[in-house]
Amino acid sequence: MVAVVVAAVLFAVNGTVAKLAMTSGIGPTRLVELRTLGSALVLVPVALVVVRRRMVLHRRDVLVMATLGVVGMAAVQWCYLVAISRLPVGLALLIEYTAPLLIALWARFVLHEAVRPRAWWGLAASLVGLTMVAQVRRGVELDAVGLAAAGGAAVALATYYVLGERLVARRDPLSTQAWSLAFAALFWAVLQPLWTWDVSVLAVEGTLPGPLAGLAAPTWALVLWVVVLGTVVPYTLVLAGVRVIGAARAGLLGMIEPVAAAGVAWLVLGESMTIVQVAGGAVVLAGVALAETARARPVAVLPDAVLPEPARPAAVLDDAADATPVVP
């Protein structure tokens with residue numbers, strides 16, 4: 001659980017850092033490419049040293065792993081960028097973070113798993129809180145493409161949690177994340193070759209705002225932050241958390257990110273928060289806590305544990321038994 005919370009905070013900070021990088025001249029699509037490619041170049045060699053034997057990719061995992069990388073990583077980032085180019089950022093983020101609800105619906109109506117009533121109350125409270133944080137109100141112009149992109153981001157994020165849960169049921173999070181990043185990087189490298197871009201943009205220095213006013217940072221340093229602390233570390237933490245607590249609970253805890261992101265933007269970028277937004281943040285946290293307590297404590301899985309067959313996906317807040325089946 002702690003791993004997922006830390007990952008959410010890192011993702012929240014990464015949003016502000018990425019925004020600073022884009023103001024230096026890097027387009028959002030190119031930044032996503034640099035993020036995935038740089039992260040793959042960092043994590044794959046580390047995985048080859050730390051978990052060399054586990055980097056073997058079995059034939060049965062190739063398609064799932066490629067889907068995790070292309071849909072669960074490359075697509076979710078791209079869809080979100082398209083959404084915020086056509087919709088208010090808050091609204092786009094609100095739609096994307098319906099992913100935990102999609103996971104719950106999948107578990108209930110496709111996998112036919114039991115779901116406690118208070119889990120739905122927790123999800124409802126979290127969505128209401130996100131609505132308050134996003135300040136969605138009358139008069140907001142809705143764009144069909146933007147809405148479709150935000151919905152696509154939600155589906156892609158839910159896919160990341162569900163497929164990640166399936167994969168780490170039989171392999172470690174580090175090798176799983178390394179392979180998913182490799183597939184995402186390959187996807188972007190083919191779609192948008194690096195030689196079509198002027199790399200001199202990385203040398204541009206920008207002045208930092210807020211508490212860091214007066215300091216300057218080169219664009220490459222911001223990109224490095226996005227790669228290491230905005231991608232490699234948090235994504236690996238998410239998969240480690242998903243392995244122990246399951247996709248549904250990881251998705252719920254991930255809803256802390258919009259609240260934390262609003263706080264970081266307020267501190268660094270001066271984007272003020274209204275009383276309603278602060279209250280909405282409290283409602284989100286309350287909803288997460290409510291849904292989190294709706295499930296029995298899962299049995300921990302040792303990092304070196306190897307399951308011969310995929311474990312049954314963890315029920316979304318399952319009430320079937322006290323011993324929850326262990327499942328990126």
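Looking across the stretch 7-24, the residues that are in a helix (DSSP H, G or I) and over 12 Å from the mean Cα position of the chain (by Cα) come down to Val13, Thr16, Val17, Ala18, Lys19, Leu20, Ala21, Met22, Thr23. Selection of the stretch 111-135 for residues being β-branched (Val, Ile, Thr) and either modelled with pLDDT of 80 or more or under 13 Å from Arg249 (Cβ atoms) (or both) yields Val115, Val128.
Could you count how many residues in the stretch 212-261 are outside any helix (DSSP H, G or I), at pLDDT below 75 and surrounded by fewer than 20 Cβ atoms within 10 Å (Cβ to Cβ)?
Narrowing the stretch 212-261 to residues outside any helix (DSSP H, G or I): 213-218, 255.
Keeping just the survivors that are at pLDDT below 75 gives 213-216, 255.
Pick out the ones that are also surrounded by fewer than 20 Cβ atoms within 10 Å (Cβ to Cβ) and you get 213-216.
Residues flagged as outside any helix (DSSP H, G or I), at pLDDT below 75 and surrounded by fewer than 20 Cβ atoms within 10 Å (Cβ to Cβ) within the stretch 212-261 amount to 4.
A single entry from Ala83, Ala124, Ala119 fulfils the requirement of being surrounded by fewer than 24 Cβ atoms within 10 Å (Cβ to Cβ) and out of contact with any Pro (no Cβ under 7 Å at 6 or more places or on another chain): Ala124.
The values are calculated or read from the model by the stated rules, or taken from the named source; none is laboratory data. Note that the structure is a prediction, hence the values are computed from the model and not measured. Using ideal geometry, Cβ is built from the backbone for each residue, glycine included, and neighbour counts are taken over all protein chains shown.
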